[in-house]
Every structure is written in C-alpha cells, then in structure tokens.
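Here the structure comes first, spelled out in structure tokens, and everything after it is commentary.
What follows draws every value from the coordinates through simple rules; no lab data is involved. The structure presented is a predicted model; accordingly, all values stated were derived computationally and were not measured. Cβ coordinates were reconstructed from backbone atoms using ideal geometry, including for glycine residues, and neighbour counts include every protein chain displayed.
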Amino acid sequence: MEATGTQAGKEKQILAAARRIFATTGYYQARVEDIAREAGIGKGTVYEYFTSKEELYLQMLLEIADSYASGLAEVIGRPGDLREKLLGIGRHLRDFLQEHGQLARMFLQDPGPVNRKLQDHLLQIRRETVQQVEKLLAAGAAAGHMRPVDTGVAARFFLGGLAGVLLPGLIEELAPPEALAMTVDIFLQGIDSS
C-alpha cells in the first residue's frame, strides 16, 4: 500500500512541475527534461508515469479542471444565503484564476494538443456547473428570495457575467473583489422577488 502512496505522490510532484513549466514556456516549448528537473527527478521517471509529453499535458489540464469543479461543489455546499453562495462562486473563480492565471493565459493563446477526452470533460464540467447554479437559484426561488425565472437561463447569465468581469483579468489586471459583489448584486436585482 505504501508503494501506491509513493507513486501517487510522485505523480502529483510531476504534475505540479508540469503546471509550472507549461505555464512559463507553453506546451510546444516545454521539454520533458525541464519538467523532470523542476520535479527533482530523472527524465525516465516521468515516462514511468506518463507515456508522452502530450499525455502529461492533458492529464495536468484534467486535474486542474477537476480541482475547479470539486472546489465549486464545496463552495455551493457551504451554509449561507443565496447572495453568500453566489459571492462564493465568484470568489472561487477569482481564486482559481489567480492560482492558475498564467497557465490559463497560455491555454487561451496557444492551447497545445486538445483531444476529444479533454473537450468532453471540460464540457461536462461546464454542464455540471450550470446545473449546480441552476439548483441553487431554484432553491432561492422556492424560498421566495427571488422571483420565478427560467433558472437555466439565469444560471448561464450569472456565470457569463462572472466570466465577463473576471476573464479579462487574464490579459489585464484581475478584477478587484468588489467587482464580484457588484456583479452578484446586479444579478440579484434582476431576479429580485419584490
């Protein structure tokens, strides 16, 4: 059992090094040698865990996407009213972009190899995110905190608003935290039950 824990630790070490190298150099300029050196291991060890640079890159992107999704589910599951949860979603996205902003910029400018598995996985996370926000809004409507609206459209509108406020920060400066509060408040005014 200990060997499995060691293997998982080594894989995480390689993936963390890959995030730093890919974020700095981009996919095409990154070399497995550089990733191995950053991880403090030999190049051959990288190939014990990943068959190619492409597989390592795609696995790294899947891991990052999954960390976003699990963090979002945690935020939505916390106690709080509708506004607090919507603000939590915005903070989660902002924190995520702060942590992975350099890699996200690289991905937007030159995504490298993107296979069907990654595309499908990202689309599934997007669908699940919309569904989670939709359920949150439906609960808010049922509790009388907002007027009845098409929660699917409202969820997409809210997430699109957050993206519109935060994603330009990948190129410029990330929007300040008060911009999140303003985005949530504008959204809530639109669906207010009064």
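Tabulated data for the structure shown
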{"item": "Taking the stretch 1-50 and dividing mean pair separation by its residue count, relative contact order in percent (alpha carbons under 8 Å, at least six apart)", "result": "33"}
{"item": "Contour excess over end-to-end distance, with Cα ends at ALA181 and ARG78 and 0.36 nm allotted per residue", "result": "35.3 nm"}
{"item": "Cut-off 12 Å between beta-carbons: net charge of the residues surrounding ARG19, Lys and Arg +1, Asp and Glu -1", "result": "-1"}
{"item": "Within the chain, longest stretch free of exposed GluC sites (Glu not before Pro) [DSSP loop, at most 14 other beta carbons within 10 Å]", "result": "1-171"}
{"item": "Space enclosed by the convex hull of the alpha-carbon atoms of the chain, per residue, Å³", "result": "133"}
{"item": "Lys, Arg +1 and Asp, Glu -1 on Cβ, resulting dipole of the chain about Cα centre, debye, nearest 20", "result": "180"}
{"item": "Whole-number percent relative contact order across the chain, with pairs defined as alpha carbons under 8 Å at least 6 apart", "result": "21"}
{"item": "Which of TYR49, TYR28 has the fewest Cβ neighbours within 10 Å, and the rest in rising order", "result": "TYR28, TYR49"}
{"item": "Computed label-point distance, nm, for sites SER193 and ASP110 using a 7 Å Cα→Cβ extension", "result": "5.3"}
